[in-house]
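Bear in mind these aren't lab numbers, they're just calculated from the coordinates by the rules spelled out. Computed from a predicted model, the values in this text were never measured in an experiment. Note that we place each Cβ from the backbone using ideal geometry, even for glycine, and neighbour counts take in every protein chain shown.
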Amino acid sequence: MCLFQIIMSRRLNARRTEGVDKNVWVEFTKLAADYKVVNLGHGFPDFSPPKFVQEAFCKAVSGGPQMHQYTQAFGHPPLVKSLAKFFSRIVGHEIDPLEDVLVTVGAYQALFCAFQALIDEGNEVIIVEPFFNCYQPMVKMVGGKAVYVPLRPKVEGSAVLSSGDWVLSAEELASKFTPRTKAIVINTPNNPLGKVYKTEELQMIADLCIKHDVLCISDEVYEWLTYDGNKHVKIASLPGMWERTITIGSGGKTFSATGWKVGWVISSGHIIKHMKTIHQNCVYHCPTAAQVNT
Ligand SMILES: Cc1ncc(COP(=O)(O)O)c(C=O)c1O
């Protein structure tokens, strides 16, 4: 085998690649394979999606030549219409399918577009711990500064019996907001704890966002996976939050089909338009057949 290495007299890699090269999923997937152990790190079901979902996918791919060609950059029209109609009822706001929705390559690309489009060098982004791993490197790549605030046991020192026993301290969270804060990232239901934020908790976060004129990036990929009577509430549905919330969803998580990588962002058109700018200069659009099916 012949190995070629380009020796450059100047720096090869862009600075934004530095400090973000390690990835927990890459590392653990390799470790699991090397030691032949069950990989509990990377979250995907080991069963097939429901039959109706599989059948819809087959129907989509045999649905004629258009199913195999490009569709619209910001989302296949029937999908953006369905998303808008469906979530309008939940958010309590008339969602415009062309202005307020962006279909992405999974929720991951939605997050990427959000940080790229909305966070500038020197901006602070509050991240609630524990958090899904990509928030931190994505903030770092745009030159932002991650500011962490932990979920803590409801009663300090007491046993944590359920995910609901992990809470944010209102005072502690308030202390993290500064004039440089541009956004807060929340994840409900939370990965890895499973915590489903209650309306009062979301209201407390919303009040701070409004007070400090801060955006809320709300990762809601597990919105349909709630148990024991817990109800998922969208922070975008609270008064004054539609205009400043970026709600991120995932078809892969919803339909047990993570490999399709269909995600979306629902937000006010004045925010979505900047995310579209990143999207059109990045992947441009997402696979048609997976969108038809979703
Ligand atoms: C909290 C959270 N957000 C986003 C994602 C990415 O979702 P997708 O597979 O739709 O890109 C995941 C995937 O595990 C996740 O757990």
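Okay, helix-only estimate at 222 nm for the chain: each DSSP H run of n ≥ 4 adds -39500 (n - 2.57), divide by all residues, round to 500 deg cm²/dmol; what do you get?
Helix-only estimate at 222 nm: -10000 deg cm²/dmol.
Apply the Karplus parameterisation 6.51 cos²θ - 1.76 cosθ + 1.60, with θ equal to phi minus 60°, to every residue of segment 10-26 and state each ³J(HN,Hα) to the nearest whole Hz, in sequence, with x for glycine and proline.
Residue by residue, segment 10-26 yields 10, 3, 7, 8, 5, 4, 5, 7, 7, x, 10, 7, 7, 9, 4, 6, 4 Hz.
No solvent, one uniform scatterer per C-alpha: report log10 I(q)/I(0) for segment 168-294 via the Debye equation at q = 0.19, 0.21 1/Å, two decimals.
Ignoring solvent entirely, the Cα scatterers give -1.15, -1.29.
Check the straight Cα-Cα distances from Lys231 and name the aspartates and glutamates below 20 Å, setting aside those fewer than 8 residues away within the same chain.
Hits, sequence-local ones excluded: Asp165, Glu200, Glu201, Asp219, Glu220, Glu223.
Please compare each pair in Lys59/Lys195; Lys154/Lys276; Lys30/Lys81; Lys211/Lys273 to a cut-off of 31 Å on the Cα-Cα distance and tell me which ones are over it.
Lys59/Lys195; Lys154/Lys276; Lys30/Lys81
Which number comes out as Rg/Rh for segment 1-114 once both Rg and the Kirkwood Rh are worked out on C-alpha atoms?
The Rg/Rh ratio comes out at 1.09.
Of all GluC sites (Glu not before Pro) in segment 17-95, which ones are in loop regions per DSSP and have a Cβ with at most 16 other Cβ atoms within 10 Å?
Qualifying residues, ordered by number: Glu18, Glu94.
Where does each of Met241, Met141 land when they are ranked from fewest to most other beta-carbon atoms within 10 angstrom?
Going from sparsest to densest Cβ surroundings: Met141, Met241.
What translational D, rounded to a whole number of µm²/s, comes out for the chain from Stokes-Einstein when the hydrodynamic radius is the Kirkwood one over Cα pairs, at 25 °C and 0.890 mPa s?
119
Can you divide the C-alpha Rg of segment 156-198 by 2.2 N^0.38 Å and report the result to two decimal places?
Cα Rg divided by the expected 2.2 N^0.38 Å: 1.38.
So who's got an amide H within less than 5 Å of the one on Ala146, skipping anything under 5 residues away but keeping other chains? H placed 1.01 Å off N, in plane.
Val125
Given H placed on each backbone N at 1.01 Å, which residues far from Thr104 in sequence or on other chains put an amide H within less than 5 Å of it?
Gly263, Trp264, Val265
Would you mind listing how long segment 115-218 runs along its three principal axes, going by Cα atoms, in whole Å with the largest first?
The Cα atoms of segment 115-218 stretch 40, 28, 22 Å along the principal axes, largest first.
Quick one: P(r) of segment 179-220 from all Cα-Cα pairs, 10 Å bins, percents rounded to integers, in order of increasing distance.
Pairs per bin, as whole percents: 28, 52, 19, 0.
For the pair Tyr227 and Asp21, how long in nm is the line joining their label points, each one 7 Å along Cα→Cβ?
4.0
With the contact rule set at Cα under 8 Å and sequence spacing of 6 or more, what percent relative contact order holds for the chain?
Dividing the mean separation by the residue count of the chain yields 25 percent.
Sort all Cα-Cα distances of segment 36-88 into consecutive 5 angstrom bins from zero, then give the percent of pairs in each bin up to the one containing the longest distance.
The percentages, shortest bin first, are 4, 13, 13, 17, 18, 17, 9, 6, 3, 0.
Restricting to Cα atoms and excluding each atom paired with itself, what does the Kirkwood estimate give for segment 52-167 in Å?
Hydrodynamic radius (Kirkwood, Cα only) of segment 52-167 equals 17.9 Å.
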